Amino acid sequence: MQRLSIVITVAIILATPSVQFAQMPAPQGAFAIQHVTVINVETGMRAADQTVVVTGNKITAVGPAAKVNTRDGARVVDGTGKFLIPGIWDMHAHALRLLDRGLPLAVAFGITGIRDMGSTLDQVAEARAKIAKGTIASPRLFAAGPPLNGTPDRPGFPPGQMVTTPEQGREIVDKFAAAKVDMVKIHDGLSRETYFAIAAEAKRKGLPFEGHLPPEVNIDEASDTGQRTVEHMPPMQAACVADPSMLGRGARNSAPNTQPIAINEAKCEATIKHLVKNGTWWTPNIGGPGTGDKRVREFNIAITRMAAKGGVKLLAGTDWPGGGYSFGNYSAADRNVLDEIMGMAEAMTPAEALRAAITNPLTLLKLKGQLGTVERGRLADLDLLDGDPLADIANIKRVSAVVINGRLYGADERKKMLDAEMAARRAPKTN
């Protein structure tokens with residue numbers, strides 16, 4: 001039965017074109033953001049009193065407001081006192097769990113690109129079709145399809161694909177490649193032999209493999225095998241902690257441990273050098289400021305700071321909107337990648353934290369040269385902010401307007417999206 005389900009969902013997705021940005025409908029007409037300060041995230045430089053013109057889905061003019069002519073009939077946006085940055089990516093999301101709500105909600109928050117790290121093939125196919133037709137507001141989407149698990153799915157998580165043998169691993173990678181997913185997502189519990197079989201087949205098919213680590217594979221081995229990204233804190237925690245027992249919660253009813261978690265600096269630095277040598281990316285998922293156990297958070301920030309200083313390529317990701325979103329648990333749905341950027345700024349400079357969410361994703365996805373800077377000829381994915389994020393990273397949450405593929409979402413449209421989401425949360429549950 002499981003094999004039949006895989007065949008059916010692969011057939012569905014094969015009938016749907018890939019969502020690459022060429023599949024996003026370009027709007028007609030033009031608009032201009034006048035008298036705005038443009039931030040170059042790569043250099044950290046600001047250019048004050050600029051006018052930026054967008055025609056269709058591209059930036060067609062950028063320069064001093066006194067010198068740039070706005071096209072006749074173009075919509076004018078007053079950027080006085082505001083700051084314009086390239087669009088923000090969440091590089092570890094599960095936005096397709098309720099895609100008719102999750103994708104517009106991401107847009108309303110100011111997220112212009114998403115790497116979806118675990119949804120069904122049916123959900124991926126539906127999202128791609130709706131985005132291509134322009135029937136849903138959505139960030140740019142890169143999607144993995146179902147995560148490959150060696151253990152049964154945990155409650156509240158998207159349905160994964162059980163893979164218990166190397167042969168099954170090779171078979172499912174072949175089917176995912178035929179379905180044109182953008183990557184293979186490794187999840188928990190795979191045996192060592194199955195993990196390496198999946199890795200080898202993914203490389204043979206030219207398909208990136210990314211995600212968690214099985215319990216029998218450490219981060220150095222995964223890096224050597226060619227895993228493109230490693231997700232979340234545990235793999236790096238295991239490589240850096242001096243005493244693994246310090247990461248545990250302790251015995252039930254015991255007094256909370258307040259001792260700082262010590263770092264084995266020699267081992268940690270060796271792993272960092274290993275990742276840098278192999279070009280392995282890491283998505284730490286620190287969380288927003290003040291979240292989580294204080295001592296663990298301090299440890300996480302310290303090892304993230306070491307990784308950043310050591311040259312590891314970092315990405316901002318969140319697991320947004322949380323495992324319970326599709327079941328009516330919205331406790332994590334309003335904490336998004338903007339909070340993660342603020343959290344990452346505790347371990348690095350605001351400019352570095354912004355690059356983890358803006359320029360680094362484009363390097364990974366091979367989109368540099370098309371996105372990532374506010375300059376003529378680039379695709380128009382932009383965030384207009386009411387404050388300077390380089391001066392105070394908290395300004396990243398002061399979103400005034402969002403532009404995705406040249407489509408401008410102003411305050412009124414974003415409010416409608418947020419209001420629709422709140423209404424859906426209040427609606428009675430139906431079976």
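The values are calculated or read from the model by the stated rules, or taken from the named source; none is laboratory data. None of these values were measured; they are calculated from a predicted model. Here the Cβ is made from the backbone with ideal geometry for all residues, glycine too, and neighbour counts use every protein chain on show.
Regarding the stretch 125-137, can at least one residue be identified that is within 20 Å of THR318 (Cβ to Cβ) and acidic (Asp, Glu)?
no
Please find, among LEU362, LEU384, the residue that is farther than 19 Å from ALA108 by Cα and either free of Cβ contacts under 8 Å to residues at least 12 places away in the same chain or in contact with a Gly (Cβ under 8 Å, 6 or more places away or on another chain) (or both).
None of the others qualify; the one that does is LEU362.
If I filter the stretch 343-359 down to residues being touching a residue at least 12 places away in the same chain (Cβ under 8 Å) and of a type in the set (Val, Ile, Thr), which single residue comes out as surrounded by the fewest Cβ atoms within 10 Å (Cβ to Cβ)?
It comes out as THR359.
Condition check ((1) under 15 Å from MET117 (Cα atoms); (2) assigned to a loop (DSSP other than H, G, I, E, B)) across all residues:
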site: VAL173; (1), (2): no, no
site: ALA177; (1), (2): no, no
site: VAL181; (1), (2): yes, yes
site: LYS185; (1), (2): yes, no
site: GLU193; (1), (2): no, no
site: LEU207; (1), (2): yes, yes
site: SER223; (1), (2): no, no
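Among the residues of the stretch 306-321, write down those that are without any contact (Cβ under 8 Å) to a residue 60 or more places away in the chain and surrounded by fewer than 21 Cβ atoms within 10 Å (Cβ to Cβ).
Result: LYS309, GLY310, GLY311, LYS313.
Collect the residues in the stretch 47-92 that are of a type in the set (Asp, Glu) and either at positive phi or touching a residue at least 24 places away in the same chain (Cβ under 8 Å) (or both), keeping them in residue-number order.
ASP49, ASP78, ASP90
In the stretch 253-287, what count of residues is obtained for those that are part of a loop (DSSP other than H, G, I, E, B) and buried (at least 19 other Cβ atoms within 10 Å of the Cβ)?
Residues that pass the stated criteria total 6.
Quick check on the stretch 283-337: of everything there that is closer than 21 Å to LEU418 by Cα and among the polar types (S, T, N, Q), which residue is modelled with the lowest pLDDT?
Here the residue is SER326.
Considering the stretch 152-180 alone, what residues qualify as being surrounded by 23 or more Cβ atoms within 10 Å (Cβ to Cβ) and modelled with pLDDT of 95 or more?
GLY169, VAL173 - these are the residues of the stretch 152-180 that are surrounded by 23 or more Cβ atoms within 10 Å (Cβ to Cβ) and modelled with pLDDT of 95 or more.
Collect the residues in the stretch 48-58 that are surrounded by 22 or more Cβ atoms within 10 Å (Cβ to Cβ) and of a type in the set (A, V, I, L, M), keeping them in residue-number order.
Of everything in the stretch 48-58, those that are surrounded by 22 or more Cβ atoms within 10 Å (Cβ to Cβ) and of a type in the set (A, V, I, L, M) turn out to be VAL52, VAL53, VAL54.
For the stretch 59-70, which residues satisfy the criterion of being buried (at least 16 other Cβ atoms within 10 Å of the Cβ) and under 20 Å from GLN28 (Cα atoms)?
Once the filter is applied, which keeps residues that are buried (at least 16 other Cβ atoms within 10 Å of the Cβ) and under 20 Å from GLN28 (Cα atoms), the stretch 59-70 yields ILE59, THR60, ALA61, VAL62, THR70.
For the stretch 22-46, which positions are in contact (Cβ under 8 Å) with a residue 60 or more places away in the chain and in a strand (DSSP E or B)?
Listed by number, the residues that qualify are PHE31, ILE33, VAL36, THR37, VAL38, ILE39, ASN40, ARG46.
Taking GLY328 as the residue in question, decide whether it is surrounded by fewer than 21 Cβ atoms within 10 Å (Cβ to Cβ) and under 18 Å from the mean Cα position of the chain (by Cα).
no
Just give me the residues in the stretch 166-190 being out of contact with any Asp or Glu (no Cβ under 8 Å at 6 or more places or on another chain), under 9 Å from GLY145 (Cα atoms) and of a type in the set (Lys, Arg), in sequence order.
none
Name every residue in the stretch 214-232 that is more than 19 Å from LYS273 (Cα to Cα) and either touching a His at 6+ places or on another chain (Cβ under 6 Å) or buried (at least 20 other Cβ atoms within 10 Å of the Cβ) (or both), in order of residue number.
PRO214
Do you know which residues across the stretch 63-116 are under 18 Å from the mean Cα position of the chain (by Cα) and among the β-branched types (Val, Ile, Thr)?
ILE85, ILE88, VAL107, ILE111, THR112, ILE114 - these are the residues of the stretch 63-116 that are under 18 Å from the mean Cα position of the chain (by Cα) and among the β-branched types (Val, Ile, Thr).
Kindly list the number of the only condition in (1) surrounded by fewer than 19 Cβ atoms within 10 Å (Cβ to Cβ); (2) within 20 Å of the chain's Cα centre (by Cα); (3) acidic (Asp, Glu) that fails for ASP392.
(2)
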